[in-house]
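The values are calculated or read from the model by the stated rules, or taken from the named source; none is laboratory data. Predicted model only: the values in this text are computed from it and were never measured. Using ideal geometry, Cβ is built from the backbone for each residue, glycine included, and neighbour counts are taken over all protein chains shown. For accessibility, only protein heavy atoms count, side chains too; no ligands or nucleic acids. Shrake-Rupley method; radii C 1.70, N 1.55, O 1.52, S 1.80 Å.
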Amino acid sequence: MSPAEPKPRKYSYYVEARALEVTDRPRRFLETFAAVLEHSNYAVALDAYARVCSKCGRCADRCQLYETTGEERDVPGGRGDLLLRVYRRYFTIGGRLKARLVGGFTLTDEYLDRMAEEYYRCVACRRCKEVCPMGIDQGLITHLARWLLAEVGVTPKALVLAVREQLQGVGNTSAIPVAALKNTCEFLEEELQDIYGVTIQFPFDVEGAEHVFFPAVSDYLLEPDTLMANAAVMHVSGGSWTIGTGNYDGINYGLFYSDRMMERIVGRLVAEVRRLKARKILIGECGHATRSAWFAPTFCGPDAPEVVNFLQYTARALREGKIPLKGKVIEERVTYHDPCNIARAGRITEEPREILRAICRDFVEMTPNRTHNLCCGGGSGLVSVDEIRPFRTRKMGKMKADQIRATGARIVAAPCANCKKQLREVCEDNGLADVQVVGVHDLLLRAIDFGVEPKAEEKVESSSQAMA
Amino acid sequence: MDLWLEWARGPLFRIAIAFLILGLVRHVAIAVFEIAWAVRRAGDKNIPYRKLARATLAWLVPAGKLGHRPLYGLTTLAFHVSIVIVPLFLGGHIALWARATDLAWPAIPNLLADVLTVIATAAAVLLVIERIAARGPQMLSRFSDYAFPLLIAVVFGSGFLAMHPALSPVAFRPALLVHALGANLILIFIPFSKLSHVILMPLTHLISEVAWHFPPHAGSEVGLALGKENEPV
């Protein structure tokens, strides 16, 4: 942000100046709420949640934020009730009747401000759903509340800017033009040649390829090892893949604040696959990109392309013996962080472990793990909001730091662009500066046997710095 | 007193049961209709029914789900088991049904009913104490969250005293009247309060899943409804 621009800081996070000029917010919020209830399927959940929550408080036991802060506002059930109260009052017969007879709750600007603050203190990790006897999904409530707030202008500026760049600007969240993308890939090809002595290409716009590759586009700026490993896996396994120059970004911040945006961004993925007459969406190491891509059949019908996460592809190739390995070459102790978006519902938990066990001498689990894992602390897009870093790393991420410390691992493998950024900051801010946070594929790259003598093995671990 | 007792066990009970049954049927009908409607509209109709059924059953038989506050978990479990079994399977209750409807089913031994009744009463009181003592639940609690367990404790406690006049400091009839009135009150409250989870709980895990299955154009339809279809991001 330039110094000349005023800094609107009404909430813990920056919002756009125009968001603060919005008037008549309660009415607009309720109008949006009514439209959403009519066109979506949220009403069925709100109806049930508003009735059955027994206020047993088990959700508090499972919230990593509440356990750290102990603040009343951080009890998940209470936070969920902020939205349910509005629902009951304005969208149920009982609520409207009660309001007419005895008055009571009215939606105000101040109440909306409180919601704006609270629903961005939740990472929508959905751990609390695991311990709720009723299966109440507070993550769903946070997801919906943020959409409603977005329609009255309240969304962290960082998220809006990224989506604007993706839908109206260069076409991806990091504003990387096609020429720069190709340059980067050429650089990575040279690195693979220099370090590993293999010629591997990043294919562009190959019509009829099986997979179209969509990593978190930020990987092209920050995670060269992950990308080189992705290409290497495709190379040794003989996989059919391509990068589409029409869209090469798997990131979908719509998942974090607006179904309207999510629908458009998922549509762009599917359109690119269809343009290239390809069959599958191949998502790189990114949790939320994978989960939002799983919505492809939701938004694009049952004939939408199949979604494959790179971990699934690699684990399968490994099982089929298509990835020759030098053995367990990773000597340091390694632990694995389950990204919420792929692990909470139990969809991808074993594949990364298969890969890591095949290449690591000393692999240890964090506790808890898999579907019960702790969030990195930057989930639901919070990691992109730099101005709340102390909150993310010291409060939301404190238990995560303790969990990593307890494993004694020197390397944390986290197959998610957001988790990686957040975990690096968590480690920095919690006295774990010597812990390395990498992708699963980064480690695999060191173990792939290309059948040629590496030209400069000592550079293996330094490609990130070279790129930086 | 006898007149009141007859009223509580007769007309009032019939009204309470009517409220209960009609209310619960309404809840189930609405929930099932809404689920079916949501699935019909959903773009992705692929719903993991088996997995959801397992998750639901895991909570209906919550072994291993006691969490990291085992006392609270155990109290809750003991509470629920006993308040479901005793009202339905106490010999005296079945006799009442048989008198009115000719319907009867096997009863549990009275001794077991006694034990469960004491457990229910103690657990209900303990629940209130634990609710006050634990910060999470205490912050969430409303008046009714304390009132319901206490009312249940009164109903079970008075029921026990009515069954054991020899042990009772109060006379048989007043104890029975309190028992019957309180029980009717609970039956009426069930459909109108959080107690509706007695019937909705088996559906809520499914509901949580279905709600994520959006209609294909839910987002753009909302944009259209708000006149934002051409609005820049």
For a 22 Å ceiling on Cα separation, which of these pairs sit above it: A:398/A:420; A:421/B:51; A:55/B:65; A:326/A:420; A:398/B:51? A:421/B:51; A:326/A:420; A:398/B:51
So, with +1 on the Cβ of K and R and -1 on the Cβ of D and E, and no other charges, what is the size of the charge dipole of region A:17-151 about its Cα centre, to the nearest 20 debye? 440 debye
Given a 1.4 Å probe and the protein chains all in place, what does the accessible area of residue A:140 round to, in Å² to the nearest 10? 0 Å²
Tell me which residues come under 5 Å, amide H to amide H, from residue A:363 once H is placed; ignore anything under 5 positions away on its chain. A:334
Dividing the surface of the Cα convex hull of region B:2-213 by four yields a projected area in nm² of 14.3 nm²
Calculate the tail of P(r) for region B:83-141: the fraction of all Cα-Cα distances greater than 12 Å, expressed in %. 70 percent
Calculate the dipole size of the protein assembly as shown relative to its Cα centre from +1 charges on Lys and Arg beta carbons and -1 charges on Asp and Glu beta carbons; express the result in debye to the nearest 20. 2340 debye
Taking R0 as 41 Å, what FRET efficiency do you get between residue A:117 and residue B:231 from their Cβ-Cβ distance, rounded to the nearest 0.05? 0.95
If you average 1/r over all unlike Cα pairs in region A:17-151 and invert the result, what Kirkwood radius do you get in angstrom? 15.5 Å
Expressed in angstrom and ordered largest first, the alpha-carbon extents of region A:142-223 along the principal axes are 54, 28, 24
Loss of accessible area when A meets B, both sides summed, Å² nearest 100, probe 1.4 Å: 5000 Å²
Please list B:188, A:195 in order of solvent-accessible area, largest first, computed with a 1.4 Å probe with all protein chains present. B:188, A:195
Kirkwood Rh in Å, taken over all unlike Cα pairs in region A:168-318: 15.4 Å
For region B:1-91, alpha-carbon Rg and Dmax in angstrom: 19.7, 62
Calculate, in whole percent, how much of the Cα-Cα pair population of region A:79-149 lies beyond 21 Å. 33 percent
Remind me, relative contact order of region A:17-151 in percent, using alpha carbon pairs under 8 angstrom and six or more residues apart? 29 percent
In whole Å and largest first, what semi-axes does the C-alpha gyration tensor of region A:235-298 yield when each eigenvalue is scaled by 5 and square-rooted? 22, 13, 9
Limiting things to C-alpha atoms, what are the Rg and the maximum Cα-Cα separation (Dmax) for region A:324-461, in angstroms? 15.3, 48
Taking beta carbons within 10 Å but only from partner chains, what does the mean come to for residues B:197-208? 6
Note to self: C-alpha centroids of region A:228-248 and region A:132-188 sit apart, in Å, by 24 Å
Please name which of A:234, A:154, A:407 has its Cα lying farthest along the dipole of the protein assembly as shown towards the positive end, using unit charges on Cβ (Lys, Arg +1; Asp, Glu -1) and the Cα centre as origin. A:154
Obtain the nm distance between the two label points defined at residue A:350 and residue A:67 by a simple spin-label model: each point lies 7 Å from its Cα along the Cα-to-C-beta direction. 2.7 nm
How many percent of the accessible area of the protein assembly as shown is carbon or sulfur, using a 1.4 Å probe? 60 percent
Between residue B:66 and residue A:428, what's the calculated FRET efficiency when r is the beta-carbon distance and R0 is 56 Å? Round to 0.05. 0.90
Which of these, B:139, B:201, B:163, has the largest mean-square fluctuation under a Gaussian network model of chain B (Cα springs below 10 Å)? B:139
Dipole-positive endmost among A:199, B:23, A:375 within the protein assembly as shown (Cβ charges, Cα centre): B:23
Can you pull the accessible area of residue B:60 for me, 1.4 Å probe, Å² to the nearest 10? 100 Å²
Label model pair residue A:34, residue B:5: point-to-point distance (7 angstrom along the Cα→beta-carbon line) in nm is 5.6 nm
Average the reciprocal distances over every distinct pair of alpha-carbons in region A:18-90, invert the result, and give the Kirkwood radius in Å. 14.2 Å
How much accessible surface does residue B:7 have with a 1.4 Å probe, in Å² rounded to 10? 110 Å²
Loop-only check: which trypsin sites (Lys or Arg not before Pro) in region A:8-109 are DSSP coil with at most 14 other Cβ within 10 angstrom? A:9, A:10
Given a 1.4 Å probe, how much area per residue of the protein assembly as shown is accessible, in Å²? 42 Å²
Note down the nm distance, to one decimal, between modelled labels 7 Å out along Cα→Cβ at residue B:107 and at residue A:18. 7.4 nm
Once exposed loop trypsin sites (Lys or Arg not before Pro) are cut out (DSSP; at most 16 other Cβ, 10 Å), longest piece of chain B: B:143-227
Three principal axis lengths of the protein assembly as shown [C-alpha, angstrom, descending]: 99, 56, 46
Compute the relative contact order of chain B as a whole-number percentage, counting only Cα pairs closer than 8 Å that sit 6 or more residues apart in sequence. 34 percent
Inter-part distance where region B:163-205 and region A:61-92 are each reduced to a Cα centre, Å: 30 Å
So what is the 222 nm mean residue ellipticity for chain A from helices alone, if each DSSP H run of at least 4 adds -39500 (n - 2.57) and you divide by all residues, rounding to the nearest 500 deg cm²/dmol? -14000 deg cm²/dmol
Skipping prolines and chain starts, which residues have an amide H placed within reach, meaning under 5 Å, of the one on residue A:283, given they are 5 or more residues away or on another chain? A:214, A:308, A:309, A:310
